[in-house]
Amino acid sequence: MIFSKPINYAPITQIANPLLHIASPFTGKVFPLTQHPLSLFSSGMVGSGVCVKMNQALMISPCNGSIVKVSQQGCEFVIRADSGLHLLLHLNIPSEYQKMENLLKHSIGKKHIKSGDILCYYDIPQDLFITGTLVILNADKLGPCYYPLNQVNAGKDPLITLSRASKL
């Protein structure tokens with residue numbers, strides 16, 4: 001059972017009336033949220049979003065805004081973007097590496113962030129299965145959303161594109 005409207009792939013050149021690009025906080029291969037390894041996310045229970053299979057445990061801020069909440073030993077951030085979007089960013093790494101001694105850089109304790117700021121960077125082996133997740137918590141108030149690229153670089157490429165209500 002899927003609770004939220006899924007965000008589907010559409011090539012960036014075919015998205016009509018793009019309104020806003022959300023920069024990718026992760027580097028890796030992009031997948032629909034339905035392929036997330038945790039059912040909480042794959043069911044859409046938390047909201048609409050996408051996941052990224054990564055080989056580095058680095059998450060950067062996709063926008064300017066404020067940090068509302070940090071949890072999961074610094075692996076999960078709720079951000080209120082200056083644009084009005086409410087974003088949940090989650091880094092799924094093995095629990096034995098979710099320790100402060102593995103956390104090389106972080107934004108824990110910060111109130112305001114800028115696009116590109118490091119939210120968390122864990123020193124863990126690169127051969128581990130790492131999933132980054134971006135969920136738009138208030139997506140029900142938006143028009144169509146797409147992920148326009150299959151491979152993204154953190155801070156450089158759009159992970160999700162919001163468009164005005166129209167057909168592709």
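Each reported figure results from applying straightforward, stated rules to the coordinates on display, with no laboratory input. From a predicted model like this one, the values you see are computed outputs, not experimental measurements. Heads up, the Cβs are rebuilt from the backbone with ideal geometry, glycines too, and the neighbour counts pull from every protein chain shown.
Taking every alpha-carbon pair in region 75-168 and binning the separations at 10 Å intervals from zero gives 12, 42, 33, 11, 2 percent.
When Rg and the Kirkwood radius Rh are both evaluated on Cα atoms of region 1-88, their ratio Rg/Rh stands at 0.95.
Extending 7 Å from Cα along the Cβ direction at Ser66 and again at Lys5 yields two label points whose distance is 2.8 nm.
Computed 3J(HN,Hα) for region 29-34, one whole-Hz value per residue from the Karplus formula 6.51 cos²θ - 1.76 cosθ + 1.60 where θ = phi - 60°, is 8, 8, 9, x, 4, 4, glycine and proline marked x.
Diffusion coefficient (Stokes-Einstein, Kirkwood radius over C-alpha pairs, 20 °C, 1.002 mPa s) for the chain: 136 µm²/s, rounded to a whole number. Pairs with C-alpha atoms separated by more than 21 Å, drawn from the list Lys29/Lys69; Lys69/Lys105; Lys29/Lys156; Lys53/Lys156; Lys114/Lys141, are Lys29/Lys69; Lys114/Lys141.
Taking 0.36 nm per residue of sequence separation and removing the Cα-Cα distance, the Asp82/Leu38 pair yields an extension gain of 12.9 nm. Shown in residue order for region 37-43 are the 3J(HN,Hα) couplings computed by the Karplus curve 6.51 cos²θ - 1.76 cosθ + 1.60 at θ = phi - 60°: x, 9, 5, 4, 8, 5, 7 Hz (x for Gly and Pro).
Amide H to amide H distances under 5 Å link Leu119 with Met59, Ile60, Ser61, where only residues 5 or more positions off or on other chains count and H is placed in the peptide plane. The share of Cα pairs per 5 Å bin across region 72-125, counted from zero up to the longest distance, runs 4, 18, 31, 23, 14, 8, 3, 0 percent.
Diffusion coefficient of region 109-161 by Stokes-Einstein, Kirkwood radius over Cα pairs, 25 °C, 0.890 mPa s: 174 µm²/s. Summing +1 for each Lys or Arg and -1 for each Asp or Glu, what net charge is found among the other residues whose Cβ lies under 14 Å from the Cβ of Gly65? Around Gly65, the surrounding residues sum to +3. Comparing Pro32, Pro148, Pro11 in a Gaussian network model of the chain where C-alpha atoms under 10 Å apart are linked, the largest mean-square fluctuation is found at Pro11.
Evaluate the relative contact order of the chain (contact order divided by residue number), counting alpha-carbon pairs under 8 angstrom at least 6 apart; express in whole percent.
Relative CO of the chain lands at 35 percent.
A crude spin-label estimate for the pair Lys114 and Glu101, with each label 7 Å from Cα along the Cβ direction, gives 3.4 nm. 3J(HN,Hα) along region 5-18: 5, x, 9, 9, 6, 8, x, 4, 6, 9, 7, 7, 6, x Hz, from the Karplus curve 6.51 cos²θ - 1.76 cosθ + 1.60 with θ = phi - 60°, whole Hz, x for Gly and Pro.
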